[in-house]
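What follows is a single structure, written as structure tokens, with notes after it.
Computed from the coordinates by the stated procedures, all read-outs in this text should not be read as laboratory data. Quick caveat: nothing in here was measured; it's all calculated off a predicted structure. Cβ placement follows ideal geometry from the backbone for every residue including glycine, while neighbour counts extend to all protein chains displayed.
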Amino acid sequence: MSRAALLLLADGRFPAGGHAHSGGVEAAVVHGAVHDTDSLEAFCRGRLHTTGLTTAGLAAAATAGVDPLLLDDAADARTPVPALRTVARRLGRQMMRAVRATFPSADLETLAAQRPRGAHQPIVLGLAARAAGLTPLDAAYAAAYESTGGPATAAVRLLSLDPLDATRLLARLGRDTDAVATAAAQAADRVTAEGIDALPSASSPLLDITGEQHAAWTVRLFAS
């Protein structure tokens, strides 16, 4: 299948629920850590090299044919905060609905049956990429881009930023995104020989803490 499938998976308009989530930037805005384009860029860069690298590795491994149940357990271990595990599975469940209609496959049907409450989103993304005939590197690119594109888009709404500034920010992160996607795909390639621990497990404790706090807010614009 053409690389147009990759563009579809990475598109924020793909009906997988991501538009309702800020990737932690709403809490960062409230706490004052993100308040303009420069601070948003620093936030996105940090998220790309931690959460983005970890999810890109999981997505690439799923595309490469690693057991998705094993990967789902690995995703749990890499997501220590209950609120963020809930978010990851909710997003996975929503993405599953979209990709089963768009890129149907036996692997997706099996995972849906074995994880009725939802698998982690990057696992579903990886299986969708596999069904679409894409490579592990393609899946890693989609996951890495999503880790910055979502927060940047949310920040435009939260801070009334110029959308052109947010787009320019994402363009400046292009080389970092390339490096993260490549590292994630290379790690996925080592899983057969080295086991699941070959996948990245970069942590972001502040995102974990603020993610748990955000889940307890009674008034918020985004679900996470």
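The relative contact order of the chain comes to 37 percent, based on Cα pairs under 8 Å that sit 6 or more residues apart.
Where in the chain is the longest stretch that carries no trypsin sites (Lys or Arg not before Pro) classed as loop by DSSP and with at most 11 other Cβ atoms within 10 Å? Counting only loop sites that pass the neighbour cut-off, the longest clear stretch is 118-224.
Only helices enter the 222 nm calculation for the chain: every DSSP H run of n ≥ 4 contributes -39,500 (n - 2.57), and dividing by all residues gives -21000 deg cm²/dmol, rounded to 500.
Note on I209 and T167: with the Förster distance fixed at 30 Å, the Cβ-Cβ geometry gives a FRET efficiency of about 0.50. 3J(HN,Hα) along the range 136-153, derived from phi through the Karplus expression 6.51 cos²θ - 1.76 cosθ + 1.60 where θ = phi - 60°, amounts to x, 5, 4, 5, 4, 4, 4, 5, 5, 5, 4, 5, 10, x, x, x, 5, 5 Hz, with x in place of Gly and Pro. The C-alpha radius of gyration of the range 16-215, expressed as a fraction of 2.2 N^0.38 Å, stands at 0.97. Relative to the dominant Cα principal axis of the chain, helix 82-102 is inclined by about 60°. Largest mean-square fluctuation among D189, D178, D162, in a Gaussian network model of the chain whose springs join Cα atoms under 10 Å apart, belongs to D162. The ranking of S22, S160 by Cβ neighbour count inside 10 Å, starting from the fewest, reads S160, S22.
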